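Asks: Mind looking over this structure? Questions follow.
The values are calculated or read from the model by the stated rules, or taken from the named source; none is laboratory data. Here the structure is a predicted model, which means the values were calculated and not measured. With ideal geometry, Cβ positions are generated from the backbone for all residues, glycine too; neighbour counts draw on all protein chains shown. Heads up: the accessible areas ignore ligands, DNA and RNA and are worked out on the full protein's heavy atoms, side chains in. Shrake-Rupley method; radii C 1.70, N 1.55, O 1.52, S 1.80 Å.
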Amino acid sequence: MSGDELNPAAVAQPVEDVQGDGRWMSQHTRFVQECKDAEPDVLFVGDSMVQLMQQYEVWRELFSPLHALNFGIGGDTTCNVLWRLQNGELQNIRPKVVVLWVGTNNHEHTAEQVAGGILAIAKLLTSRFAKAKIVVLGLLPRGERPNPLREKNSAVNGFLRSWLPQLGHAQFLDVSGEFVHSDGTISPQDMFDFLHLTSTGYRSIAKPLSDLLLQILEETPEERRASLV
């Protein structure tokens, strides 16, 4: 595992406001404000895969009733999420579970570096929320047909499977199995642009995630400690 200090994917950085409208920082500021007003049991953090989830019925059906906050911003990398969490988005809240889904936008980094960046975020979350469970969602395949980015995301997932158990309170959940057909293609019915999920695509990942969240939330502290031994 690459040391965080040597890993560019584990360096906290805000998004450069190249468009000049300040939208990224405005979203971050709104999330910080939400932390002052909300008492979430579940916190979702990540990129557009997290952000867009709340636009679909599945969010209102399965996740909103769990007292969930959605801190997703489209285009974010591990570096951007790390910066946001270090700069106010974890203040004043005590979630029981944090769902982390980020990494597919880290185009400048190797698979090992991306996994190390995700691990750095998971470490930060476990240090801030000692009693919480961290659920890290695996990266999804992307592109209509087999391509290097699919292979890279799969490699990231492989590193995460190996590394996350070392944190104790972190758990890896692979939700990628439903999307690649036998001929190697991905359907636009699941990913409208072969990256972002449709309503049908979110349904595929929501069931296993919802089941896991309910299981964690229903555990007593004693059961949770026993399950981590």
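Asks: Dipole of the chain (Lys/Arg Cβ +1, Asp/Glu Cβ -1, origin at the Cα centre): which of 79, 194, 15 lies farthest to the positive side?
Replies: 79
Asks: Next up: Rounded to the nearest 0.05, what FRET efficiency is calculated for residue 207 and residue 37 with R0 set to 25 Å and r the Cβ-Cβ distance?
Replies: 0.25
Asks: Students often forget the sequence filter, so: which lysines lie under 24 Å Cα-Cα from residue 133 once same-chain residues fewer than 8 apart are removed?
Replies: Filter leaves 36, 96, 123, 207.
Asks: Can you list the HN-Hα couplings for region 29-43, worked out from phi with the Karplus curve (6.51, -1.76, 1.60; θ = phi - 60°), rounded to whole Hz and with x for Gly and Pro?
Replies: Values per residue, Gly and Pro as x: 4, 5, 5, 4, 5, 4, 4, 7, 10, 10, 10, x, 8, 10, 10 Hz.
Asks: Same structure again: Determine how large the accessible area of residue 26 is when every protein chain is in place; take a 1.4 Å probe and give Å² rounded to the nearest 10.
Replies: Solvent-accessible area, nearest 10 Å²: 70 Å².
Asks: Return one whole number: the accessible area per residue of region 44-170 in Å², for a 1.4 Å probe.
Replies: Using a 1.4 Å probe on heavy atoms only, each residue of region 44-170 averages 37 Å².
Asks: Ignoring any ligand, DNA or RNA, what whole percent of the accessible area of region 79-229 comes from carbon and sulfur when the probe is 1.4 angstrom?
Replies: 50 percent
Asks: Dividing the convex hull volume of the alpha carbon atoms of the chain by its residue count, what do you get in Å³ per residue?
Replies: Considering the Cα atoms of the chain, their hull volume per residue is 125 Å³.
Asks: Between region 184-220 and region 59-138, what is the C-alpha centre distance in whole Å?
Replies: Value for the Cα centre distance between the two parts: 17 Å.
Asks: Let me ask something additional. Would you list 133, 207, 123 from the most to the least accessible area, probe 1.4 Å?
Replies: The residues order as 207, 123, 133, largest area first.
Asks: Assigning unit charges at the beta carbon (Lys, Arg +1; Asp, Glu -1) and nothing else, what dipole magnitude in debye, to the nearest 20, does the chain show about its Cα centre?
Replies: Its charge dipole is roughly 420 debye.
Asks: Just how much of residue 192 is accessible, in Å², when a 1.4 Å probe is used and the result is rounded to the nearest 10?
Replies: Its heavy atoms expose roughly 110 Å² to the probe.
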